Amino acid sequence: MSDSTGTLPGTAALTQVGRLATLSWEVLRAIFKRPFQAREWIQQCWFFASVTILPTALVAIPFGAVIALQLGSLTAQIGAQSFTGAASALAIVQQASPLITALLVAGAGGSAVCADIGARKIREEIDAMEVLGVNPIQRLIVPRVLAAMVVSVLLNGLVSVVGVLGGYFFNVVLQGGTPGAYLASFNALAQVPDLWISEIKALLYGFVAGVVAAFRGLNPPPGPKGVGDAVNQAVVVTFLLLFLINVVLTAIYLRIVPPKAM
C-alpha cells in the first residue's frame with residue numbers, strides 16, 4: 001500500500017535513512033573545510049551550555065541516588081555490600097552519564113537547533129544562501145553539530161562527577177554504607193577505559209543529536225505546523241538512535257576491554 005505520493009512506506013523510510021546518512025557525511029567533510037565559522041561555533045557552544053548545564057546537574061543527582069539506593073539494597077540482600085561503590089559508580093560513568101547528557105542536549109539544544117533551521121528553511125533563507133554560493137551546511141550546521149559534541153563531552157564529565165558524589169552521599173548517609181568500602185571497591189574495579197568509553201559515547205551522541213536536529217530542520221513537513229512537527233520528530237528519532245547506539249557501543253566495549261582483576 002502506497003502513500004499519497006505513490007511511494008511505498010518502506011521505500012520512504014529507507015530514503016530518509018539514506019538522506020540522513022548523506023547529511024552526516026557532508027557534515028564530516030565540511031568540518032575540515034575553510035573558512036571555519038569560529039564565532040558561530042562559540043555562540044552555539046554558549047547556547048547549548050546555557051540551556052543544559054543546570055537541568056543536567058539537577059537530573060544527575062537523583063539519577064545517581066536511585067542507582068546507589070537500588071544497588072545498595074540489592075548488594076545488601078546478597079551480602080556484597082563492599083561492591084556497592086564500584087557497581088553504582090561504573091553504572092553512572094559508563095551508562096547513565098552519557099545518556100543523561102545526550103537526552104538533555106537533544107531535548108533542549110537539539111530542539112532549538114531544529115526550530116532555528118526549520119524557520120530559516122520555510123523563510124527560504126537556506127535557498128537564498130545556496131543561490132549566493134554559501135554552503136548552508138558549512139555555515140550553519142557544522143558549528144551547531146560541533147557545539148553539541150563539545151558540550152556533550154563537557155557535560156558528561158559534570159554528570160559523572162555529580163552522579164558519583166550523589167551516589168556516595170545516599171549510600172553512605174541513607175543506607176549506612178562505609179565510606180572506605182565504597183571508595184575502595186570503586187578503585188579496585190574501575191579503570192581508565194571506563195571513562196574513555198563514556199566520553200566517546202557522549203561525543204558520538206552529540207554528533208547524532210546535532211545531525212538529526214539539522215536534518216529535520218532542513219526537511220520540515222509542509223504546512224504551518226511543519227516546524228513544530230519537525231522538532232518533535234527530531235527529538236523522538238534522536239532518542240531511538242541514542243539507545244540503539246548505546247547497545248552497540250556497550251557490546252563492543254565489553255568484547256574489547258577485559259574487566260579489571262580484583
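Taking the helices alone, the chain has a mean residue ellipticity at 222 nm of -25500 deg cm²/dmol, built from -39,500 (n - 2.57) per DSSP H run of at least 4 residues and averaged over all its residues. Model label sites at ILE42 and LEU58, defined 7 Å from Cα along the beta-carbon direction, differ in position by 3.0 nm. The Cα trace of the chain gives Rg and Dmax of 21.3, 69 Å, the first to one decimal, the second as a whole number.
If R0 equals 45 Å, the separation of the Cβ atoms of THR22 and VAL173 corresponds to a calculated FRET efficiency of about 0.30. Compute the helix-to-body angle for 226-256: its Cα long axis versus the longest principal axis of the chain, expressed 0 to 90° and rounded to tens. Taking Cα atoms only, the helix is inclined about 40 degrees. Dipole orientation for the chain: of the candidates LEU28, GLN44, ALA234, LEU28 has the Cα lying most toward the positive pole (charges on Cβ; Lys, Arg +1; Asp, Glu -1). Label zone (ARG34, point 7 Å along Cα-to-C-beta; backbone nitrogen cut-off 13 Å) within the stretch 130-152: none.
If you find the alpha carbon centre of the stretch 84-137 and of the stretch 161-214, how far apart are they in angstrom? Using only Cα atoms to place each centre, the spacing works out to 22 Å. For the chain, the longest principal axis of the C-alpha atoms and the axis of helix 38-77 are separated by about 30°. Sorting the segments 244-255, 136-147 by their residues' average number of neighbouring beta-carbon atoms within 10 angstrom, most packed first, yields 136-147, 244-255. Estimate the FRET efficiency between LEU132 and LEU254 by the formula 1/(1 + (r/R0)^6), using the beta-carbon distance for r and 41 Å for R0, to the nearest 0.05. After rounding to 0.05, the efficiency reads 0.25. Packing here is the average count of other Cβ atoms within 10 Å per residue, and on that basis the peptides 226-233, 189-196, 14-21, highest first, run 226-233, 189-196, 14-21. Across the accessible surface of the chain, with the other protein chains kept in place and a 1.4 Å probe, carbon and sulfur atoms take up 72 percent. Taking the C-alpha atoms only, the angle from helix 9-31 to the longest principal axis of the chain is near 80 degrees. Under 10 Å, Cα contacts only: if you run a Gaussian network model on the chain, which one of VAL159, VAL59, VAL151 comes out with the highest mean-square fluctuation? Maximum fluctuation in the GNM of the chain, among the listed residues, is at VAL59.
Other residues within the sphere of radius under 15 Å centred on the Cβ of ARG216, judged by their own Cβ, net out at +3 (K and R +1, D and E -1).
Remark: spin-label model distance LEU183-ARG139 equals 5.5 nm, labels positioned 7 Å along the Cα→Cβ axis.
Once the Cβ-Cβ distance of SER73 and GLN191 is raised to the sixth power relative to R0 = 30 Å, the FRET efficiency obtained is 0.70.
The values are calculated or read from the model by the stated rules, or taken from the named source; none is laboratory data. Nothing here was measured: the structure is a model prediction, and the numbers come from that model. Positions of Cβ are backbone-derived with ideal geometry, glycine not excepted, and every protein chain shown enters the neighbour counts. These accessible areas exclude ligands, DNA and RNA; they are computed on the full protein's heavy atoms, side chains included. Shrake-Rupley method; radii C 1.70, N 1.55, O 1.52, S 1.80 Å.
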